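Written below as structure tokens is the structure these notes are about.
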Ligand SMILES: [Zn+2]
């Protein structure tokens, strides 16, 4: 493409799509809105190239895209154990839970995972759900590598080593792949085994995150966490371990779970949470090897991560003080209509259940 060529826009692409359908009949065999959604994705890639200096959108090989979306439905596509998809027809599914009353299906995304094909339904309900206001018992959490989560209550939750522990098995599986003939059926099978294994690790991690999030919400009215620089951490020396812990996913799950349970959730500045005393705010510098917080001023002694959690709680409470003042001044705000992905069904493997929750 020439440097001074006119910019490719979504509208132009749609026109070329219509033209292309006449020449290439296999394109016409796909539902038109599905194709348009792909163009929208491409448009996004172009825009981020122009505006955020990202690279030129990559050409996609067959098999690169893992999902596609049906963006609109006139009537509910779900019919007992079947789902009606345009151009694909009636597909048998295993539903993990019924669609709740009052919700309508807005979108259906078909996802391919190593363990099979899944359908993700986006449901919508006309309802105003106010954000949880700060109330009740506050908890501060410190996420770390030593212990996954340390709470200001003194509770320490261990970090399961999902990926790091499976590396031996992965090595064996990958060796199988390398011993098969390139491009052969047997190599494909071996590759598939690796992919299944990775998916299993991801599922276990997610389930752990969800259960920890619920556990934290059990005894709290407010949960505070640190704002982490995840990219920086992942590139660091302990990057593998940081990614294995999956803090980013955990914090976003925690956000959703606490919203669902009516618990107030907020992030606070993470800088120096281990360098001050939570009781008297004295500066108590310590490097990573020091595992105990011991204050020379007030004599307060506790686990290092617990102390960080308590400091996070203190910072959160200070910030909440300001928010409460503001919301009283401005009057309460309500959230727009609830939009949430809450259903995931699969046509193949009924064993797979834990998502969303
Ligand atoms: Zn102190």
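Against the list (1) surrounded by 15 or more Cβ atoms within 10 Å (Cβ to Cβ); (2) without any contact (Cβ under 8 Å) to a residue 60 or more places away in the chain; (3) part of a loop (DSSP other than H, G, I, E, B); (4) touching a strand residue (DSSP E or B) at 6+ places or on another chain (Cβ under 9 Å), the condition residue 109 fails is (3). Within region 288-301, the residues that satisfy the criterion of being in a loop (DSSP other than H, G, I, E, B) and within 16 Å of the ligand (Cβ to nearest atom) are 290, 295, 296, 297, 298, 299, 300. All of (1) closer than 21 Å to residue 320 by Cβ; (2) surrounded by 14 or more Cβ atoms within 10 Å (Cβ to Cβ) hold for residue 194 with one exception: (1).
Could you list, in sequence order, the residues of region 176-185 that are exposed (fewer than 14 other Cβ atoms within 10 Å of the Cβ) and in contact with a helix residue (DSSP H, G or I) (Cβ under 9 Å, 6 or more places away or on another chain)? Residues satisfying the conditions are 178, 179, 181.
Helices (runs of 4 or more DSSP H) fully within region 1-66 that include at least 1 residues being in contact with a strand residue (DSSP E or B) (Cβ under 6 Å, 6 or more places away or on another chain): 32-52. Filtering region 39-74 to residues that are more than 24 Å from residue 113 (Cα to Cα) and loosely packed, with under 11 Cβ neighbours inside 10 Å leaves 50, 51, 52, 53, 55, 56, 74.
Of the residues making up region 267-276, those that are in a loop (DSSP other than H, G, I, E, B) and away from the ligand (no atom under 13 Å from the Cβ) are 270, 271, 272, 273, 274.
Residues that are under 15 Å from residue 104 (Cα atoms) and modelled with pLDDT of 90 or more within region 78-93 comprise 83, 84, listed in sequence order.
Yes/no matrix, rows are residues, columns are (1) in the same structural domain as residue 94 (by TED's automatic domain parsing); (2) not in a loop (DSSP other than H, G, I, E, B):
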| residue | (1), (2) |
| --- | --- |
| 123 | yes, yes |
| 142 | no, yes |
| 153 | no, no |
| 159 | no, no |
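There is no residue in region 277-287 that is surrounded by 13 or more Cβ atoms within 10 Å (Cβ to Cβ), away from the ligand (no atom under 16 Å from the Cβ) and at negative phi. The numbered conditions (1) over 27 Å from residue 192 (Cβ atoms); (2) surrounded by fewer than 17 Cβ atoms within 10 Å (Cβ to Cβ); (3) out of contact with any strand residue (DSSP E or B) (no Cβ under 9 Å at 6 or more places or on another chain) are all true for residue 89 except (1).
The values are calculated or read from the model by the stated rules, or taken from the named source; none is laboratory data. Since the model is a prediction, treat every value here as computed from it, not as a measurement. Heads up, the Cβs are rebuilt from the backbone with ideal geometry, glycines too, and the neighbour counts pull from every protein chain shown.
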